[in-house]
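Engineer: One structure coming up, written as structure tokens, with questions to follow.
What follows draws every value from the coordinates through simple rules; no lab data is involved. Quick caveat, the model's predicted, so the values are computed rather than measured. Glycine gets a Cβ as well: all are built from the backbone with ideal geometry, and neighbour counts include every protein chain shown.
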Amino acid sequence: MSYTKDQVTNRKFDVVIVGAGGSGMRASLQLAKAGLNVAVLSKVFPTRSHTVAAQGGVSASLGNMSEDNWEWHFYDTIKGSDWLGDQDAIEFMCQEAPKVVYELEHFGMPFDRNADGTIYQRPFGGHTANHGEKPVQRACAAADRTGHAMLHTLYQQNVKARTTFFVEWMALDLVVDREGHVVGVTAIEMETGDFFTLQAKNVLLATGGAGRIFQASTNAFINTGDGLGMAARAGIPLQDMEFWQFHPTGVAGAGVLLTEGCRGEGAILRNSDGERFMERYAPTLKDLAPRDFVSRSMDQEIKEGRGCGPNKDYILLDMTHLGADTIRKRLPSVEEIGHNFANVDITKEPIPVVPTIHYQMGGIPTTINGQVCVPMNGDYNTPISGLYAVGECSCVSVHGANRLGTNSLLDLLVFGKAAGNHIISNFKANESHRALPADAADYSLERINRLEANASGEYAQSIANDIRSAMQQHAGVFRKQSIMDEGVDKIAALRERVKDLGLKDHSRVFNMARQEALEVENLIEVAQATMVSAAARKECRGAHTVVDYEHPADYAPAPLGRDDQNWLKHTLWFSESNSLDYKPVRMKPLTVDTVPPKVRTF
Ligand SMILES: Cc1cc2nc3c(=O)[nH]c(=O)nc-3n(C[C@H](O)[C@H](O)[C@H](O)COP(=O)(O)OP(=O)(O)OC[C@H]3O[C@@H](n4cnc5c(N)ncnc54)[C@H](O)[C@@H]3O)c2cc1C
């Protein structure tokens, strides 16, 4: 049954936020407290957003347990990013970190405590004292359920501030007027199948990551990159999409994450000889080197025949020496995951792990205030009026080519709040909304009606599975130019198949087949952005390791294949033309000196 224009209902708000994860709810809290009329949409109940799965912690240089300061955090984040992060945004984030964490504490966040009442902090990969000298305790944690505690705290504060939630609603597209202002979104209420335009003075995208473009992923099934699809279809480029983080310790075969907090608490990675091999690759930080480094080292061990198990295809994470008491106090969920997903008692035996897709470093390009920005007349950072993006769907860019663990929860808080503040400072209560164009819903209605009309078309799940297996094969931990080039062709062919998506189930109420088909139209945007951007970057940087460009460790001036002369720049991918552009990395911090590129050893 096709949708007609007269079935579209319009509702008006000051601000519409798509996404009720940590970033969306931190922004909505700021706005609702300032008295703005805010609507937050979510495909799932807010506290089921992927932020709830975050285990390890949120970084801030509180210095509660070892000496620390924001400049060390700033340095570690730049080095972690393999110098692709923008240094002004990184300075802002690291300076703000203690403030936003204390704010969260005062909202009621149940952090673990030290004997003196201060927030408990554990070591985490790549976070160091004095520019790499030794690991520092910077990750503020609530056992191994930090995201859970944070998301519930933010939800409760939002309820108190009277934020309006639209639960189990799916946003489809941005509504842009003739002058290029974003004036709302189109959306479907899943329970009824009813169609809406939600008109707003500002729209904020906070739709999270798109880890479901890969087969083996630590991400929730709802992480299909909807915000990225919405932006790409509206002509907004996606930035740095070649950079995807593999988390070293996903449970082998299951994909479920075991937090880096395990290694923060002292867990050790071992090969089939029982060797603690990270001592060879990263003599100073060992198992606590950044994630790209550890994932590659694990893959190398497996490749060289020192993987464990009958097929020698995984590594063992050993926590047996931590003692059952520490494990139950600091890592209770990890113990449960061991039982449920690997049938392993982690207090008594090591658990099989493999590097697993975890996080997208790239996303929708934004300024430090969360304004979505595009290249225009020679200025790469021209803001789009009425549109913001924060959290994992955005690229501000603080994570560059490789994110440090615990910096994402921090990014949600800092930039969610900053975007909220920026909207408030430009908000004029008496100013009326810009007019909604007469064709506001047409594009989304056409998308749905095309699916409805094509009963013999392809089934969404079979295309989704093919996208996932192509990405897994062609954009892995170690990449090869010829394999990426093949991947580009495969994804282009899959894009053609997406045009033939069909729908057999025409019901309105909770039609999950329709939702999955609409999600596949987002997956393909993210997959193509990733594959095309990756095949074009002819160097190794952070999570993008291409064997063709690797150099020996002692090669000068570009050890390990990083090419700063030609590639110290951000990638921009445009959907409509399937083409690329590049923009400079902002190397100038706000108040301190630039950290110049250096060899990255740990
Ligand atoms: C298992 C796991 C553990 C992690 N652990 C840590 C950690 O310890 N520390 C750390 O810093 N980082 C961690 N990360 C990363 C971090 O948790 C995420 O990057 C972050 O939580 C993402 O938050 P977000 O607000 O951007 O999006 P999410 O929390 O993913 O929320 C996205 C929201 O958007 C909504 N949405 C999406 N599409 C639509 C649509 N079309 N219409 C309506 N709503 C939509 C969803 O319903 C959801 O509410 C972890 C990630 C994973 C997967």
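Engineer: Can you return the aspartates and glutamates within cross-link range of Lys160? Criterion is Cα-Cα under 14 Å, with same-chain partners fewer than 8 residues away left out.
Structural biologist: Filter leaves no residues.
Engineer: Tell me, what ³J(HN,Hα) does each residue in region 229-245 have, in order and in whole Hz, if you take phi through Karplus 6.51 cos²θ - 1.76 cosθ + 1.60 with θ = phi - 60° and put x for Gly and Pro?
Structural biologist: x, 4, 5, 4, 5, 8, x, 8, x, 9, 9, 6, 6, 6, 9, 10, 8
Engineer: Size of the dipole of region 442-584 about the Cα centre, Lys and Arg at +1 and Asp and Glu at -1 on the beta carbon, nothing else charged, in debye to 20?
Structural biologist: Dipole size: approximately 180 debye.
Engineer: Still on this structure: Just need the relative contact order of region 246-356 here, percent rounded to a whole number, with Cα pairs under 8 Å and 6+ apart.
Structural biologist: That works out to 38 percent.
Engineer: Placing unit charges on C-beta atoms (Lys and Arg positive, Asp and Glu negative, everything else neutral), compute the dipole magnitude of region 27-152 about its Cα centre in debye, rounded to 20.
Structural biologist: 640 debye
Engineer: Largest first and in whole Å, what are the equivalent-ellipsoid semi-axes of the chain based on the Cα gyration tensor, each being the root of 5 times an eigenvalue?
Structural biologist: That gives 36, 27, 24 Å for the three semi-axes.
Engineer: Could you work out how far helix 512-536 tilts from the main Cα principal axis of the chain, as a 0 to 90 degree angle to the nearest 10?
Structural biologist: 60 degrees
Engineer: Rounding to the nearest 10 and keeping the result within 0 to 90°, find how far the Cα-based axis of helix 22-33 lies from the longest principal axis of the chain.
Structural biologist: Helix 22-33 and the main axis of the chain meet at about 50 degrees.
Engineer: By count of other Cβ within 10 Å, fewest leading, how are Met319, Met361, Met170 ordered?
Structural biologist: Lowest to highest Cβ neighbour count: Met170, Met319, Met361.
Engineer: Still on this model: Give, to the nearest whole percent, the P(r) tail of region 246-356 beyond 23 angstrom, counting all Cα pairs.
Structural biologist: Tail of P(r) above 23 Å: 19 percent of Cα pairs.
Engineer: Quickly rank 95-103, 285-293, 213-221 as a protection proxy: mean count of other C-beta atoms within 10 Å, highest first.
Structural biologist: Final packing ranking: 285-293, 213-221, 95-103.
Engineer: Let me ask you something else. Amide H to amide H under 5 Å from Gln137: which residues, 5+ apart in sequence or cross-chain, H placed 1.01 Å off N in plane?
Structural biologist: Under 5 Å from the amide H of Gln137: Ser66.
Engineer: Now, a different point. Across 10 Å bins from 0, what is the distribution of all Cα-Cα pair distances for region 490-569, in whole percents?
Structural biologist: Percent of pairs per bin, in order: 16, 31, 20, 17, 12, 5, 1.
Engineer: Can you spot the lysines whose alpha carbon is less than 17 Å from Lys286's alpha carbon? Ignore those fewer than 8 places along the same chain.
Structural biologist: Hits, sequence-local ones excluded: Lys79, Lys134.
Engineer: Against the longest principal axis of the chain, how steep is helix 460-474, in degrees 0 to 90 to the nearest 10, with axes from Cα atoms?
Structural biologist: 40 degrees
Engineer: Show which aspartates and glutamates lie in cross-link reach of Lys312 when reach means a straight Cα distance below 18 angstrom and same-chain residues fewer than eight apart are skipped.
Structural biologist: Asp273, Glu275, Asp299, Glu301, Glu304, Glu349
Engineer: Another question about this same structure. Looking at the chain only, what percent of DSSP beta bridges run antiparallel? Nearest 5 please.
Structural biologist: 65 percent
Engineer: Tell me which residues come under 5 Å, amide H to amide H, from Ala143 once H is placed; ignore anything under 5 positions away on its chain.
Structural biologist: Asp112
Engineer: Run through the DSSP bridge list for region 442-584 and note the antiparallel percent, rounded to the nearest 5.
Structural biologist: Antiparallel bridges: around 70 percent, rounded to the nearest 5.
Engineer: Relative contact order for region 442-584: what is it in percent, counting Cα pairs under 8 Å that are at least 6 residues apart?
Structural biologist: 24 percent
Engineer: Tell me, how many Å apart are the Cα centres for region 508-530 and for region 84-114?
Structural biologist: Going from one Cα centre to the other spans 34 Å.
Engineer: Taking only the alpha-carbon positions of region 442-584 and ignoring solvent, what does the Debye formula give for the base-10 log of I(q)/I(0) at q = 0.15, 0.19 Å⁻¹?
Structural biologist: The Debye formula, applied to the Cα set alone, gives -0.80, -1.07.
Engineer: Something else: Determine, for Leu436, Leu205, the number of other Cβ atoms within 10 Å of each Cβ, and report the residues in order from fewest to most.
Structural biologist: Lowest to highest Cβ neighbour count: Leu436, Leu205.
Engineer: If you average the sequence gap of Cα pairs under 8 Å that are 6 or more apart and divide by the length of the chain, what percent do you get for the contact order?
Structural biologist: Result for the chain is 21 percent.
Engineer: Shifting gears a bit: Quick check for region 442-584: number of Lys pairs with alpha-carbon distance under 18 Å, counting only pairs 8 or more apart or on different chains?
Structural biologist: Qualifying lysine pairs in region 442-584: 6.
Engineer: At a 10 Å Cβ-Cβ cut-off, how would you order Met25, Met109, Met1, fewest neighbours first?
Structural biologist: Ascending number of Cβ neighbours within 10 Å: Met1, Met109, Met25.
Engineer: Shifting gears a bit: Check which residues have an amide H placed less than 5 Å from Val374's amide H, if you skip close sequence neighbours.
Structural biologist: Thr382, Ile384
Engineer: How long are the semi-axes of the ellipsoid equivalent to region 121-275, from square roots of 5 times the Cα gyration tensor eigenvalues, in whole Å, largest first?
Structural biologist: Rounded to whole Å, the semi-axes are 37, 20, 17.
Engineer: For the chain, give the magnitude of the charge dipole about the Cα centre (Cβ charges: +1 Lys/Arg, -1 Asp/Glu; no others), in debye to the nearest 20.
Structural biologist: The calculation lands at about 660 debye.
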